[in-house]
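**Q** Have a look at this one before I ask anything.
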Amino acid sequence: MITNWAGNVTYSARALHRPSSLAELREAVARAERVRPLGTGHSFNRLADTSGELISPAALPVVMEIDTAAGKVRVSAGVRYGELSRFLWTNGYALSNLASLPHISVAGAVSTGTHGSGAGNRSLSAEVAAVELVTADGSIVELSEGDDRFPGSVVALGALGVVAALTLRVRPAYEVSQTVFENLPGPAVRAHFTEIMRSAYSVSLFTSWTGDAVDQVWVKSVGEPALELFDAVRADGPRHPIPGGPAEWCTPQLGVPGPWHERLPHFRLEFTPSNGDELQSEYFVPADRAVEALDAIAEIRERIAPVLHISEIRAIAADELWLSPASGRDSVAIHFTWKPDAVAVEPVLTLIEERLAPYAARPHWGKVYGTPPERLAELYPRLGEFAALTRELDPRGKFRNDLLDSLLR
Ligand SMILES: Cc1cc2nc3c(=O)[nH]c(=O)nc-3n(C[C@H](O)[C@H](O)[C@H](O)COP(=O)(O)OP(=O)(O)OC[C@H]3O[C@@H](n4cnc5c(N)ncnc54)[C@H](O)[C@@H]3O)c2cc1C
């Protein structure tokens, strides 16, 4: 039985292959009738599922090659962000941002538009400069910046082939300090939302929706640590974003500067990220409508709070990738870490999607959502071009599954 990280999805796949060379990967893809790439399985829905075979690039020979002249790193698809980050730091380099956890594979993360926070930081996908794909007949196709098809090839949901390697932009290593503030009053959030989200390199608001105040604000600064944040109180010790969660699972706080990759994620590679017993959903709204959208959610907070571990609100700068949830618009993402009760969560999710409909909310591709395919087609104007690209690279639909069939009609 093959399940995702959260255990809420049992894949219907007949087998999971872990080829140990590019030649084996190409042969496995060419031979398969139906196939889907699998990363570290941290998605919460059936996006990676198939009735055929799953292929994980995790056992491919590890490649991490820095091109100092170009400011780029080439990385094999199975490498996790935590491993890549340590390698880059050791060599004096960095990525511009990371997600809340370093446990996820680079290829799986960028395939769904995974992001961190920071009004000036784009998604992790937007830092990809080239993609090396093994396509349906086992051939290798490289798509890089400048190619018309490239913007469709990064957030590609595993629909174009198995990514064998990626090239990402890097920059010189830097230090970050992380400070947690508590009890940011609701009126301050509403009056100064943009200022708060722009007050540091990366800012995350955590709320349990039990009251008007934001429970915690995680402020990640490059340069001087944050000392104050409106009427919020600086935490007197390390915190976990979920009330009562173990702070030792989290990256160092209290304003102590340290390596970028040991502060930008909330969770440490050696520990379980988040809670471990959970579901997740997330919606991206245009940044300039975020306060309205948050107010719309606040109206149903009595429905949300009982089934929730915690919500996180983050900022993501716009990119141009066709299927990126931040495509074409600076965004604010409203995230929900749910208790693991799908039956109780489903009606609340429907309510949230109704409330967020006026704000053209795009769901995270890797999390639980109910947004129908017709609505997704409206939300992603380039979806038709993406469907055409899948037909070009995968004419017989080898990489399709039920979810993609309904999306890419
Ligand atoms: C605790 C936790 C915290 C999270 N925090 C964040 C966060 O901070 N920000 C955020 O945006 N998301 C977050 N997520 C969601 C997560 O980042 C995404 O679901 C991401 O896609 C997971 O990467 P993965 O390697 O596990 O991919 P999988 O879940 O294995 O696969 C996701 C998709 O990528 C495709 N894929 C995987 N590998 C390849 C490949 N080699 N070639 C082509 N396609 C491939 C799969 O077919 C599938 O469609 C979190 C998830 C968890 C469990």
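**Q** Contact list please: Cβ distance under 8 Å, first residue in the stretch 378-394 and closer than 15 Å to residue 405 by Cβ, second residue surrounded by fewer than 18 Cβ atoms within 10 Å (Cβ to Cβ) and of a type in the set (Lys, Arg), pairs at least six apart or on different chains.
**A** Pairs found: 387/409.
**Q** Give the residues of the stretch 194-242 that are touching a Cys at 6+ places or on another chain (Cβ under 9 Å) and within 19 Å of residue 280 (Cα to Cα), sorted by residue number.
**A** 240, 241
**Q** Also, I was wondering about something else. Could you check, for the stretch 59-75, whether at least one of its residues is surrounded by 19 or more Cβ atoms within 10 Å (Cβ to Cβ) and small (Gly, Ala, Ser)?
**A** No: zero hits.
**Q** For residues that are among the charged types (D, E, K, R) and under 24 Å from residue 70 (Cα atoms), scanning just the stretch 101-160, find the one that is nearest to the ligand (Cβ to nearest atom).
**A** Per the criteria, the residue is 132.
**Q** Sticking with this structure for a sec: Between 223, 211, which is surrounded by fewer than 19 Cβ atoms within 10 Å (Cβ to Cβ) and either on the phi < 0 side of the Ramachandran plot or among the β-branched types (Val, Ile, Thr) (or both)?
**A** Going through 223, 211 in turn, just one is surrounded by fewer than 19 Cβ atoms within 10 Å (Cβ to Cβ) and either on the phi < 0 side of the Ramachandran plot or among the β-branched types (Val, Ile, Thr) (or both): 211.
**Q** With the structure loaded, tell me whether residue 372 is within 23 Å of residue 357 (Cβ to Cβ) and at pLDDT 95 or above or whether it fails that test.
**A** yes
**Q** So in the stretch 121-143, with the set limited to residues that are touching a strand residue (DSSP E or B) at 6+ places or on another chain (Cβ under 8 Å) and polar (S, T, N, Q), which one is surrounded by the most Cβ atoms within 10 Å (Cβ to Cβ)?
**A** 123
**Q** Only one of 177, 221 is more than 28 Å from residue 288 (Cβ to Cβ) and polar (S, T, N, Q). Can you tell me which?
**A** Residue meeting the stated conditions: 177.
**Q** Test residue 271 against the criterion of being aromatic (Phe, Trp, Tyr), outside the structural domain of residue 90 (by TED's automatic domain parsing) and modelled with pLDDT under 95, and give yes or no.
**A** Criteria met by residue 271.
**Q** I want to confirm something. Restricting to the stretch 12-32 and keeping residues that are out of contact with any Ser or Thr (no Cβ under 7 Å at 6 or more places or on another chain), at pLDDT 95 or above and part of a loop (DSSP other than H, G, I, E, B), which single residue is farthest from residue 78 (Cα to Cα)?
**A** 32
**Q** I'd like to verify a number: residues in the stretch 44-73 that are over 19 Å from residue 133 (Cβ atoms) and within 9 Å of the ligand (Cβ to nearest atom), how many?
**A** Of the residues in that region, 3 qualify.
**Q** In this structure, does residue 252 turn out to be assigned to a loop (DSSP other than H, G, I, E, B), touching a helix residue (DSSP H, G or I) at 6+ places or on another chain (Cβ under 9 Å), under 17 Å from residue 266 (Cβ atoms) and not hydrophobic (A, V, I, L, M, F, W, C)?
**A** yes
**Q** I need the full set of residues from the stretch 271-286 which are more than 16 Å from residue 249 (Cα to Cα) and either more than 8 Å from the ligand (Cβ to nearest atom) or among the basic types (Lys, Arg) (or both), in order please.
**A** 279, 281, 283, 284, 285, 286
**Q** May I pose another question? Condition first: touching a Pro at 6+ places or on another chain (Cβ under 6 Å) and at pLDDT 95 or above. Can you find one or more residues in the stretch 348-358 that meet it?
**A** No, that holds for no residue.
The values are calculated or read from the model by the stated rules, or taken from the named source; none is laboratory data. Computed from a predicted model, the values in this text were never measured in an experiment. Cβ sites come from the backbone with ideal geometry, for glycine too, and all protein chains shown count toward neighbours.
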